[in-house]
Structure formats: C-alpha cells, structure tokens
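A short write-up of the structure that comes next.
Readers should treat all values here as calculations from the given coordinates under stated rules, not as data from a laboratory. Given the structure is predicted, the values throughout are model-derived calculations rather than measurements. Cβ placement follows ideal geometry from the backbone for every residue including glycine, while neighbour counts extend to all protein chains displayed.
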Amino acid sequence: MNPGKEIRMARLFNKGTGKTILITIDHAVCIKPMNELSDVVKIAEFAVEGGANAILVNPGMAKKVYNVIKGSKTALMIRIDGGGTSIGPDLIDWSVYCSVESALKLGADGVAVLGSIGVEKEAKLLLKIGQTADICEQWGMPILAEMLPKEILDYQFSTKEKRKWPTNSEYLAYLARVAAELGVDIVKGYYTGDSKTFRKVIDYCPIPYLV
C-alpha cells in the first residue's frame, strides 16, 4: 500500500480498534425522496458530534458538508458512481461520473463505487470497479466497493414484510472476494443473520468488511 493510501486509510478507521463507523447519506440519487435525508448538513453535524469515523456522500453534497467535517476527526468518503434510480429501468446501471482526481480536490479520504455479481450487467460493473481501483492506486486513494446481493436488488423497494435479507454465506463471501481481487481496499456488504455463517464470509475476505 502506498503512503498516501495508508494515511487516508488511517483517517477512515479507528487506530485502536481497527474498526470504523461509516455514516452513509448517499441514497438520495438512487432512492425516491427520503425525508430523513432532507437536511444533509444536520446529519453530518450529528455524525461528527457522535464520533463517526467517516461519512459517505455524493459529490454535490460534499460541497455542502465540508465545513462541518473540516478540522474534525470525521473523514470524508465520496461516492463517484451512479446513474440508476428507483424509478428507472435498471437500478444498478451505474457508471463513474466523478473522477478520483475531482474527489481528491473535494477533500475525499476515500471513494465508493457499487457492484454486484450474478446480474445482467455484471461484467460492466466489475470492469468499473477494477479500472477505478487501478486509478485509486495511482492517486493513493482508498476505494470502497459496495457489493449488493441480488436479494437486496430484488426487494429493495418492497414493503418491510416482503423484504428479504441475504443469508447465503457462500454468495456473500464470493461478492466480497471478487471486490478484493479487483483491487479495492474496503468492502461494504451484508450480514448473513448469524455469526457462524458470517465468519465464513469474513475468513474469505482479505480486506476490511463493513456492514
């Protein structure tokens, strides 16, 4: 790991525990209006006051919250891809729309991209992750891949009663390992529902795994 990436990774994680609390407030692009996200600045203030290690926002909101996190112990992570929405034909037809260099200029300590496997656009999504990871290596920028299971994609917008959470540890482990193999530094994934099967996921993932 190059020095720049090590320095930024240290900002994203607690030095004592090696863990992180990442507050994700980047959903307003892909999901229909959510009242909970109306005041992004206030959410960022709560995150900083509560001791969050980092917040994840889209580039436009990074310009709104930087004054809140400036000088704090909370790091900034920026999502740099998007394109699919909850009312469009394909929720995960996402491409990179913000360069790693632009994220650096916005003060990012890390960038995030989305991926999945077993979906129609699998090859496109994985190519995006791999190419972005390569660019991040050149700039010393940590990259997180949010790997969405098919269950989440199929039922993300269903009622709570119909919503299904992933439980297949082999599939979740495969998702995480693919991201690691493509060169990302952090995986954002899902819990299997019990510690025994989740251990299989963690053991197969050689990089930090966030839930």
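Mean separation of Cα pairs under 8 Å and 6+ residues apart, divided by the residue count of region 121-211: what relative contact order is that in percent?
31 percent
Between Val41 and Thr24, 0.36 nm times their residue separation minus their Cα-Cα distance comes to what?
Length difference between fully extended and current span is 4.8 nm.
Once you keep just the Cα pairs under 8 angstrom separated by 6 or more residues, what percentage relative contact order results for the chain?
Reported as a whole number, the value is 16 percent.
Pairs to check: Lys5/Lys188; Lys19/Lys196; Lys128/Lys164; Lys124/Lys164. Give those whose C-alpha atoms are more than 23 Å from each other in this structure.
From Lys5/Lys188; Lys19/Lys196; Lys128/Lys164; Lys124/Lys164, over 23 Å: Lys128/Lys164; Lys124/Lys164.
Please turn the phi angles of region 50-61 into ³J(HN,Hα) values with the Karplus equation 6.51 cos²θ - 1.76 cosθ + 1.60 (θ = phi - 60°), one per residue in order, whole Hz, x for glycine and proline.
x, x, 4, 6, 7, 10, 10, 9, 7, x, x, 7
When only Cα pairs under 8 Å and 6 or more residues apart are kept, what is the percent relative contact order across region 2-91?
Reported as a whole number, the value is 32 percent.
How much net charge surrounds Tyr66 when only the other residues with a Cβ under 14 Å from the Cβ of Tyr66 are counted, with Lys and Arg +1 and Asp and Glu -1?
Within the 14 Å Cβ shell, the charges total +2.
Net charge within 14 Å of Trp139 by Cβ-Cβ distance, Lys/Arg positive one each and Asp/Glu negative one each, not counting Trp139 itself?
That sum, taken over residues with Cβ under 14 Å, equals -3.
Ordered by packing density, taken as the mean number of other Cβ atoms within 10 Å over each peptide's residues, highest first, how do 197-209, 177-189 rank?
177-189, 197-209
Can you tell me the order of 52-61, 95-104 when each peptide is scored by its average per-residue count of other Cβ atoms within 10 angstrom, highest first?
Highest-to-lowest ranking by the protection proxy: 52-61, 95-104.
Please order Met1, Met9, Met147 by the number of other Cβ within 10 Å, starting at the fewest.
Ordered by Cβ neighbours within 10 Å, fewest first: Met1, Met9, Met147.
In debye, nearest 20, what is the charge dipole magnitude of the chain about its Cα centre with +1 on Lys and Arg Cβ and -1 on Asp and Glu Cβ, if you could check?
Dipole magnitude for the chain comes out near 440 debye.
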